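Presented below is the structure to which this report refers.
The values are calculated or read from the model by the stated rules, or taken from the named source; none is laboratory data. No experiment lies behind these values; they were computed from the predicted model shown. Neighbour counts run over all protein chains shown; Cβ positions are idealised from the backbone, glycine included. In case anyone asks, the SASA skips ligands and DNA or RNA and just uses the protein heavy atoms, side chains included. Shrake-Rupley method; radii C 1.70, N 1.55, O 1.52, S 1.80 Å.
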Amino acid sequence: QRVGWNLLVGTGTFQGVPVDVRLQGAVNYTNGNGPFGDFLQFIAADGSRIAYTLKGQATQTDISQLDADLTFIGATGAFAGLSGNGVFRATRTAEVGAPVETTITLNLTGR
């Protein structure tokens, strides 16, 4: 069993703006399977942020599949006025702790 917290960092593009992507959370896995809950932020170079909570499930077969719903928390700076929920989908081809390939789909409203 693996119980604990994680910090995943990467880069991406949000509305055409390069952003740092930070996912902070907690896991409760048995053999790579189980719930996870996290906070997800996109952070632009000027400090603008948009933040979400995640609540999801990890499923381990030959690869790990991580699926979660995103719930909007808030946005600041250049992202202020945006809102909307979304989905988080990721795969990992190795053990827990290895890099994940992630796709995030957001349904945004506002500006």
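Computed with a 1.4 Å probe over protein heavy atoms only, the accessible area of PHE39 comes to about 110 Å². Springs between Cα atoms under 10 Å define the GNM used for the chain, and in it the highest mean-square fluctuation of GLY56, GLY77, GLY37 occurs at GLY77. Each Lys and Arg Cβ is given +1 and each Asp and Glu Cβ -1; about its Cα centre, the chain then shows a dipole of about 200 debye. Size check on the range 1-65: the Cα extents along the three principal axes, sorted descending, read 40, 22, 15 Å.
When ASP67, ASP46, ASP62, ASP20 are compared by accessible area of protein heavy atoms, the largest-first order is ASP62, ASP46, ASP20, ASP67, using a 1.4 Å probe. Over the chain, average the accessible area per residue using a 1.4 Å probe and give it in Å², no decimals. Counting only protein heavy atoms, the per-residue value for the chain is 58 Å². Rolling a 1.4 angstrom probe over the range 61-106 with all protein chains present gives an accessible area of which 52% lies on carbon and sulfur atoms.
With 0.36 nm allotted per residue and the present C-alpha distance subtracted, the THR61-GLU101 stretch has 12.8 nm of extension available.
Quick one: pull the percentage of alpha-carbon pairs in the chain with a separation above 17 Å. In whole percent, the share of Cα-Cα pairs in the chain beyond 17 Å is 52.
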